[in-house]
Amino acid sequence: ERVKPSNSSPHYKPKPRKYTPNPAVFLLLAVPFALVAANSNWLYSGLGNLDPWYYFGYFLHLKPFKADFFPDLYYGTRLPWILPGYVVHLLFDVMTAKYVLHFGFYYMAVFSMYFLLKRAAGRRTALLGTILFATHAAFLWAIGWDYVDGAGVTYNLLGLASMARAASSKRPRPWFALAGVAGMAMVYTNLFLICFMPCVFLLYPLLRYTPDQPGKVRLLLTSGLWFGAGAAVLTIILGGINYSIDGNFWFYGPSI
């Protein structure tokens, strides 16, 4: 009788693992649709606040607003929020663009939160915590109107999730760069959010730190280099786009 090779045998070939979809993903994808079906007011800018309507104006008329109507106004420097809104409104009618833009940022924030919680506490706790976050009134207010705070929350969570992913990846450098892009996008969305930039950058060493780990300084320098590279690339891209719009490369000057 032929003996089956054991796990330690050189002839042993493990069976390929079948991909099984995570039901939590489908549930989280359905949440905003259920919220809109129940009450869609959270998805619209209310009356009484001028600020979100400025951004809506940039979405529809980017070049006239930046170059002619409001030159050097700090609203127009917040390109990580304005440019996605402008592109979406170029591709779709106003109502469709509203859903595409805000659902896109909603999903980016929610799935970043889910990944962070799943890494820290497991799937079940992550699902419960993420649903509580995804249906919280303060988050819905921020992510639903056209002001920049929802985008700031989203980029913050994306940066944290990218650094957490780097901590468990064999090739962390792309994740460092993505975290740099997200962190810098957060800052360019609202300068006050620079307060949270250290939280994004330091998450990786906090997750990886052990007292006896060799090469801690080199690891920190590598992460800082790639994080900074991502931030620099985003800055150059946004500067080039802004130069093509109003002739000014240093787009973020008015905010500073």
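All but one of (1) in contact (Cβ under 8 Å) with a residue 40 or more places away in the chain; (2) open to solvent by 40 Å² or more (accessible area, probe 1.4 Å); (3) of a type in the set (A, V, I, L, M, F, W, C) hold for VAL31; state the number of the condition that does not hold. (2) is the only condition that VAL31 fails. Please work out which residue is farthest from ASN242 (Cα to Cα), limiting yourself to segment 42-51 and to residues that are surrounded by fewer than 18 Cβ atoms within 10 Å (Cβ to Cβ) and touching a residue at least 60 places away in the same chain (Cβ under 8 Å). For segment 42-51, the residue satisfying everything is GLY46. Going by the structure shown, is LEU178 open to solvent by 50 Å² or more (accessible area, probe 1.4 Å), within 15 Å of the chain's Cα centre (by Cα), over 19 Å from ASP149 (Cβ atoms) and modelled with pLDDT of 95 or more? Answer is yes for this residue. Would a scan of segment 142-158 turn up a residue that is of a type in the set (A, V, I, L, M) and modelled with pLDDT under 95? Checked segment 142-158: no residue is of a type in the set (A, V, I, L, M) and modelled with pLDDT under 95.
In segment 77-105, the residues that are farther than 17 Å from GLY240 by Cβ and aliphatic (A, V, I, L, M) form Cβ pairs under 7 Å with partners that are open to solvent by less than 10 Å² (accessible area, probe 1.4 Å) and assigned to a helix (DSSP H, G or I), at six or more places apart or across chains, as follows: VAL88/ALA97; VAL88/LEU101; LEU101/GLY85.
With respect to THR154, determine if the residue is part of a helix (DSSP H, G or I), over 15 Å from the mean Cα position of the chain (by Cα) and in contact (Cβ under 8 Å) with a residue 12 or more places away in the chain. No. Report yes if TYR99 is surrounded by 19 or more Cβ atoms within 10 Å (Cβ to Cβ), at pLDDT 95 or above and either polar (S, T, N, Q) or assigned to a helix (DSSP H, G or I) (or both), otherwise no. Considered against the rule, which asks whether it is surrounded by 19 or more Cβ atoms within 10 Å (Cβ to Cβ), at pLDDT 95 or above and either polar (S, T, N, Q) or assigned to a helix (DSSP H, G or I) (or both), TYR99 comes out as no. Within segment 231-256, which residues are under 13 Å from THR77 (Cα atoms) and among the hydroxyl-bearing types (Ser, Thr, Tyr)? If the condition is that a residue be under 13 Å from THR77 (Cα atoms) and among the hydroxyl-bearing types (Ser, Thr, Tyr), then THR235, TYR243, TYR252, SER255 are the ones that fit.
Considering segment 61-72, and only residues there that are without any contact (Cβ under 8 Å) to a residue 24 or more places away in the chain and more than 21 Å from LEU91 (Cβ to Cβ), the residue that is most open to solvent (accessible area, probe 1.4 Å) turns out to be PHE69. Put simply, of LEU128, LEU116, LEU132, LEU160 the only residue that is free of Cβ contacts under 8 Å to residues at least 60 places away in the same chain, open to solvent by 30 Å² or more (accessible area, probe 1.4 Å), assigned to a helix (DSSP H, G or I) and within 21 Å of VAL233 (Cα to Cα) is LEU160. Residues to consider are TYR54, TYR58; find the one that is over 20 Å from the mean Cα position of the chain (by Cα), modelled with pLDDT of 95 or more and open to solvent by less than 70 Å² (accessible area, probe 1.4 Å). Matching residue, one of TYR54, TYR58: TYR58.
Every test in (1) assigned to a helix (DSSP H, G or I); (2) open to solvent by 20 Å² or more (accessible area, probe 1.4 Å); (3) within 23 Å of SER255 (Cβ to Cβ) is passed by TYR107 save one, and that test is (3).
The values are calculated or read from the model by the stated rules, or taken from the named source; none is laboratory data. None of these values were measured; they are calculated from a predicted model. With ideal geometry, Cβ positions are generated from the backbone for all residues, glycine too; neighbour counts draw on all protein chains shown. Just the protein is used for accessible areas: all its heavy atoms, side chains included, with ligands, DNA and RNA removed. Shrake-Rupley method; radii C 1.70, N 1.55, O 1.52, S 1.80 Å.
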